[in-house]
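> Here's a structure for you.
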Amino acid sequence: MKQLKIEGFVYFAAFLLCIPLANWMIGNVGTVCVPEGPCLLPVGPDQMAPSGVLMIGIALVLRDLLQRRLGKIWAVIAIILGALLSGLVAPTPLVLASTVAFLLSELADFAVYTPLQKRRLILAVFASSVVGLVIDSIVFLQLAFGSLDYLSGQILGKAWMVLLALPLIALLRKRDQRAGIHPA
């Protein structure tokens with residue numbers, strides 16, 4: 001059980017690290033950086049998204065994993081700390097958008113993941129992440145830029161990260177089943 005707690009705190013730390021990394025990427029990483037706007041990456045045919053979406057997609061999955069290892073209370077603590085951290089590290093014009101989008105999307109992820117995760121882990125991670133990434137995308141873009149111009153790219157970019165994580169979630173579930181480990 002000690003190993004599970006350590007694993008949970010690794011997920012916790014990685015989750016929190018996604019936030020400053022996403023905020024840094026949005027202003028520094030991309031194939032195109034819009035003046036007074038985000039740096040963009042291609043996420044599909046004719047689809048661009050602010051580069052920070054990659055880290056937000058990963059954060060949604062990591063929050064689910066830390067809840068699986070540490071429980072609901074730690075997940076809520078991570079969401080609150082993440083929202084505060086998001087407000088602290090976001091560029092000044094994006095503080096409100098980053099904080100509110102993060103808080104709402106992670107709470108939605110929590111609400112969907114929690115009832116599903118004990119019986120259908122992969123479905124829980126997928127469904128909760130999709131709900132979270134849609135909410136995050138709409139709220140962030142509207143508050144940050146007053147526009148939903150990059151909505152499809154935002155959703156697609158985050159969805160790629162979630163989809164890439166699902167095989168790892170399946171491996172984790174199999175490992176847990178073999179070891180007789182049940183989620184927190």
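> Within region 46-140, considering only helices (runs of 4 or more DSSP H) that don't extend past its boundaries, which have at least 1 residues that are among the hydroxyl-bearing types (Ser, Thr, Tyr)?
Counting at least 1 such residues, we get 72-89, 95-116.
> I would also like to ask the following. So residue 13 clears everything in (1) surrounded by 14 or more Cβ atoms within 10 Å (Cβ to Cβ); (2) modelled with pLDDT of 95 or more except one condition, right? Which one?
(1)
> Among the residues in region 120-129, are any among the basic types (Lys, Arg) and surrounded by 16 or more Cβ atoms within 10 Å (Cβ to Cβ)?
No - not one qualifying residue is present in region 120-129.
> Select from region 50-103 the residues that are of a type in the set (Lys, Arg) and either crowded, with 16+ Cβ neighbours inside 10 Å or without any contact (Cβ under 8 Å) to a residue 40 or more places away in the chain (or both) and list them in ascending order. Lay out the reasoning, then the answer.
So the first thing to find is which residues in region 50-103 are of a type in the set (Lys, Arg), and the list is 63, 68-69, 72.
Answer for region 50-103, where residues must be of a type in the set (Lys, Arg) and either crowded, with 16+ Cβ neighbours inside 10 Å or without any contact (Cβ under 8 Å) to a residue 40 or more places away in the chain (or both): 63, 68, 69.
> What are the residue pairs meeting all of these: first residue in region 12-24, first residue closer than 22 Å to residue 41 by Cα and in contact (Cβ under 8 Å) with a residue 60 or more places away in the chain, second residue assigned to a helix (DSSP H, G or I) and of a type in the set (S, T, N, Q), Cβ atoms under 8 Å, and 6 or more apart or on different chains?
As it stands, the answer is 19/86; 23/86; 23/98, since those pairs meet every condition given.
> Checking residue 158 against (1) of a type in the set (D, E, K, R); (2) over 27 Å from residue 120 (Cβ atoms); (3) in contact with an Asp or Glu (Cβ under 9 Å, 6 or more places away or on another chain): exactly one of these is not met. Which one?
(2)
> I would also like to ask the following. Exactly one condition in (1) under 17 Å from the mean Cα position of the chain (by Cα); (2) of a type outside the set (Val, Ile, Thr); (3) assigned to a helix (DSSP H, G or I) is false for residue 27; which is it?
(1)
> Restricting to region 141-184, give me the number of residues that are outside any helix (DSSP H, G or I), among the aliphatic types (A, V, I, L, M) and either over 16 Å from residue 105 (Cβ atoms) or touching a residue at least 60 places away in the same chain (Cβ under 8 Å) (or both). Spell out the reasoning first.
In the first step, residues of region 141-184 are kept if they are outside any helix (DSSP H, G or I); the result is 146-150, 180-184.
Restricting the remaining residues to those that are among the aliphatic types (A, V, I, L, M) gives 148, 181, 184.
From what is left, the residues that are either over 16 Å from residue 105 (Cβ atoms) or touching a residue at least 60 places away in the same chain (Cβ under 8 Å) (or both) are 181, 184.
Of the residues in that region, 2 qualify.
> Please find, among 152, 129, 147, the residue that is at pLDDT 95 or above, within 30 Å of residue 37 (Cβ to Cβ) and of a type outside the set (Val, Ile, Thr). Please lay out each step first, then the result.
On the way: 152 fails: at pLDDT 95 or above; 147 fails: at pLDDT 95 or above.
Every option except 129 fails the conditions.
The values are calculated or read from the model by the stated rules, or taken from the named source; none is laboratory data. Because the structure is predicted, anything quoted here is derived from the model rather than measured. Please note: Cβ atoms are built from the backbone with ideal geometry, for glycine as well, and neighbour counts cover all protein chains shown.
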